[in-house]
Amino acid sequence: MDPTSEDKTIERQEPNIRDEYDGVKFRTLAKGITTHPLIRGGRPCIEGTEILVTTIAGLQKFHDMDAEQIADHLWIELGMVEDALKYYAMHTDYIDTELELDDINFEQMAESRYGDKTRELLSRRESVPADT
C-alpha cells in the first residue's frame, strides 16, 4: 500500500480522567463538569481536561460558534461541549460574571506597567524590517 494514499484521519483520544490529583478528590458539579482547587483555580472545567466552562461559553457568546464548531476548534468530543453548554445554561449569571471579570483583568493588565512592556515589545517587533 502506498503510504501517501493512506487515510490520514486523526483519532481523538479519550480524556485522562482521574479520581484525585495530589491526594485531593475532584468534585463533580454536573454531568461532565468537575472542579479541583489545584486546577485552574478551582473554576469549573470539562471533566478530564483543563478546559474551562467559561472558555466554551465565551466561544459561543462572543464568537457565535455552535457546539460542533467549538468541539472541532478545541479538539474535544461534542458531548463534552454539550455538557459545558448545559452547565452554562444552568449557571448563566455566574459564568457571565466570570467572563466580565476576565475582561476587566485583561484590561487592567494591558493598562499596567506589564502592559507597557508588552506594547514596547510589539512596537520593537513592528520596527524590525521584514526579510527581503
Residue match in the stretch 99-110 (condition: assigned to a helix (DSSP H, G or I), modelled with pLDDT of 95 or more and among the polar types (S, T, N, Q)): no
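To keep it simple, each residue is scored yes or no on (1) of a type outside the set (Ser, Thr, Tyr); (2) at pLDDT 95 or above.
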| site | (1), (2) |
| --- | --- |
| Ile33 | yes, yes |
| Gly41 | yes, no |
| Leu52 | yes, yes |
| Asp66 | yes, yes |
| Ile70 | yes, yes |
| Leu74 | yes, yes |
| Leu85 | yes, yes |
| Thr92 | no, yes |
Output for the stretch 69-92, where each listed residue is free of Cβ contacts under 8 Å to residues at least 12 places away in the same chain and of a type in the set (Asp, Glu): Asp72
When residues of the stretch 76-101 are limited to those that are β-branched (Val, Ile, Thr) and buried (at least 18 other Cβ atoms within 10 Å of the Cβ), the one nearest to Phe62 (Cα to Cα): Ile95
Meets criteria (assigned to a loop (DSSP other than H, G, I, E, B), at pLDDT 85 or above, crowded, with 16+ Cβ neighbours inside 10 Å and within 20 Å of the chain's Cα centre (by Cα)) for Gly58: no
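Looking at the structure I just gave you, is Glu68 out of contact with any strand residue (DSSP E or B) (no Cβ under 6 Å at 6 or more places or on another chain), charged (D, E, K, R) and crowded, with 17+ Cβ neighbours inside 10 Å? Steps first, please.
On the way: out of contact with any strand residue (DSSP E or B) (no Cβ under 6 Å at 6 or more places or on another chain): yes; charged (D, E, K, R): yes; crowded, with 17+ Cβ neighbours inside 10 Å: no.
In short, no.
The values are calculated or read from the model by the stated rules, or taken from the named source; none is laboratory data. The model shown is predicted, which means the values in this text are computed figures rather than measured ones. Every residue, glycine as well, gets a Cβ built from its backbone with ideal geometry; the counts of neighbours run over all protein chains shown.
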